[in-house]
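The structure appears below as structure tokens.
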2 protein chains.
Amino acid sequence: MARAGQQAGLSRERVLRAAAAIADERGLAALTMRSLAESLGVEAMSLYHHVANKEAVLDGLVEVVMAEVEQAVAALDAPAPEDDWQSALRMRVLASREVLVRHPWAPGVFETRTGASLAVARYFDGVLGLMRRAGFSYELGHRALHALGSRALGFSQELFAPDGMEAPEEVMAAMAEEVPHLVAMVADASHGGAVLGWCDYQSEFEFGLDLILDGLERLREGA
Amino acid sequence: MARAGQQAGLSRERVLRAAAAIADERGLAALTMRSLAESLGVEAMSLYHHVANKEAVLDGLVEVVMAEVEQAVAALDAPAPEDDWQSALRMRVLASREVLVRHPWAPGVFETRTGASLAVARYFDGVLGLMRRAGFSYELGHRALHALGSRALGFSQELFAPDGMEAPEEVMAAMAEEVPHLVAMVADASHGGAVLGWCDYQSEFEFGLDLILDGLERLREGA
DNA sequence: CGGCGCGGGCTTACGTTGTACGGTACGTTC
DNA sequence: GAACGTACCGTACAACGTAAGCCCGCGCCG
């Protein structure tokens with residue numbers, strides 16, 4: 001490091017990668033311009049030579065994630081949509097979901113930027129193209145995109161946060177009055193066993209996805 | 001106002017109402033402890049006698065909205081779930097959606113607090129109860145809640161933001177290469193006419209909802 | 001080879017945010 | 001009337017995003 005490292009050699013690329021790393025490791029809230037700069041061995045203001053502002057960093061994160069998604073989708077060898085569009089789309093969505101699960105902060109970032117990103121548009125365009133090849137009209141394809149919503153990208157808000165939710169017995173009892181059906185449901189599912197871990201998010205996600213895909217298939221082949 | 005108004009007569013209630021009003025009128029970002037205090041004719045720190053911190057204000061906003069939802073649902077006269085659960089649930093969801101549409105900031109707040117709120121749990125409990133009366137097993141009810149996700153509350157992320165999205169002709173042309181199917185879809189729908197306003201969010205929402213409800217009905221009645 | 005523009009970094013500073021801490025005036029209760 | 005809790009105010013601070021300006025070394029020009 002002759003001359004004590006001028007020229008840290010930043011770049012938009014490196015900044016965004018570092019940002020994703022921070023979000024992955026310490027959560028989205030820990031991603032500040034200062035922490036980002038520090039992780040690159042640089043002062044905060046230096047970042048502004050490569051990104052316009054923090055919003056642009058968030059935009060960039062969407063691109064980073066979508067690049068991973070695109071890659072995961074490309075690596076798939078799915079059936080031709082003409083033969084089995086449901087499997088083809090299902091695989092695509094689940095591949096995308098795997099990426100999103102690796103970056104739990106991503107849905108939160110996406111939500112504030114829907115439609116703004118070309119990368120996201122490209123993904124949905126691909127889904128629509130798949131449906132076209134399967135014989136969907138544009139109109140049905142359009143409605144299908146709406147029906148899928150964020151599920152097409154592999155997430156929908158998970159209803160109950162996976163963390164916390166201890167439920168220390170007496171709280172559970174107090175709850176029983178307020179939400180009897182939910183309590184009964186949990187009791188039914190666990191048959192009196194352990195309460196947490198009873199709910200497999202992955203398979204629930206797939207259930208909802210298949211529900212929609214089956215419904216669309218019935219509409220596609222024309223009632 | 002003898003003595004130039006000591007005793008502004010705050011209360012958790014009044015604070016939360018004011019917070020909702022600010023979010024309604026000036027957006028969620030405009031809701032700061034200072035702006036909130038000012039709208040009540042009070043200093044920021046005074047609020048802390050009625051709410052623990054800003055997080056608690058956000059939590060409170062969820063309660064405010066859910067109270068409106070509960071009220072809207074109560075005012076419904078829906079068919080008994082035993083007779084026609086699909087209509088009953090559909091009406092409930094759409095009533096809820098109407099409330100959410102009046103408070104566009106609400107989904108964003110909900111997303112960061114899923115599961116934390118008793119009010120939300122109560123709502124889902126009601127939905128599950130409805131399904132039980134319709135003959136759902138707890139297991140199918142559980143999966144149904146997952147399948148519906150936030151749609152049960154009347155929102156899912158709208159795919160493309162309703163605002164902005166001008167698309168000034170030349171941008172559209174450049175886009176065509178990147179997202180040909182989307183562009184074709186819009187062209188098909190509008191038959192060369194106006195581009196924006198071609199997409200009716202309400203009816204698309206209903207389409208997706210019915211798709212799911214129909215799928216669930218088929219599962220409920222077995223095989 | 002000398003100068004010089006400029007790109008990429010640093011320093012400093014400002015306004016806004018949430019909130020900790022301590023003070024002060026009222027209403028109530030002995 | 002003394003003591004006290006409740007509700008409010010004022011001040012202050014740390015962390016945030018970012019505007020503005022400086023400074024140095026590289027590469028191009030003459």
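The values are calculated or read from the model by the stated rules, or taken from the named source; none is laboratory data. Everything numeric in this text was worked out from a predicted model, so none of it was measured. Counting neighbours? That spans all protein chains shown, and the Cβs are built from the backbone with ideal geometry, glycine included. Remember, those area values only see protein heavy atoms, side chains included, never the ligands or the DNA or RNA. Shrake-Rupley method; radii C 1.70, N 1.55, O 1.52, S 1.80 Å.
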In region B:22-33, what residues are among the β-branched types (V, I, T) and more than 8 Å from DNA strand C (Cβ to nearest atom)? B:I22
Just wondering, is there one or more residues in region A:32-49 that are under 25 Å from A:G149 (Cβ atoms) and among the aromatic types (F, W, Y)? no
Matching option when the condition is out of contact with any Cys (no Cβ under 6 Å at 6 or more places or on another chain), within 14 Å of another protein chain (Cβ to nearest Cβ) and either under 17 Å from B:S156 (Cβ atoms) or open to solvent by less than 60 Å² (accessible area, probe 1.4 Å) (or both), among B:A72, B:A121: B:A121
Looking at (1) within 13 Å of DNA strand D (Cβ to nearest atom); (2) touching a helix residue (DSSP H, G or I) at 6+ places or on another chain (Cβ under 7 Å), which is the only condition B:M45 fails? (2)
Note on region B:39-55: residues within 14 Å of chain A (Cβ to nearest Cβ) and more than 8 Å from DNA strand C (Cβ to nearest atom) are none
From A:L100, A:L58, A:L36, which residue is in contact with a helix residue (DSSP H, G or I) (Cβ under 9 Å, 6 or more places away or on another chain), without any contact (Cβ under 8 Å) to a residue 60 or more places away in the chain, open to solvent by less than 40 Å² (accessible area, probe 1.4 Å) and within 16 Å of DNA strand C (Cβ to nearest atom)? A:L36
Which residues, counting only those in region B:103-115, are within 14 Å of chain A (Cβ to nearest Cβ) and in contact (Cβ under 8 Å) with a residue 40 or more places away in the chain? B:W105, B:A106, B:P107, B:G108, B:V109, B:F110, B:T112, B:R113
Residue ID - farthest from A:V64 (Cα to Cα), chosen from residues in region A:18-42 that are within 8 Å of DNA strand D (Cβ to nearest atom) and in a loop (DSSP other than H, G, I, E, B): A:T32
For region B:136-154, what are the residues that are among the aromatic types (F, W, Y) and within 8 Å of another protein chain (Cβ to nearest Cβ)? B:Y138
Need pairs with beta-carbon distance below 8 Å; first residue more than 9 Å from every other protein chain (Cβ to nearest Cβ) and within region B:200-220, second aliphatic (A, V, I, L, M); sequence gap 6+ or separate chains. B:E206/B:L94; B:L213/B:L89; B:R220/B:A134; B:R220/B:L140
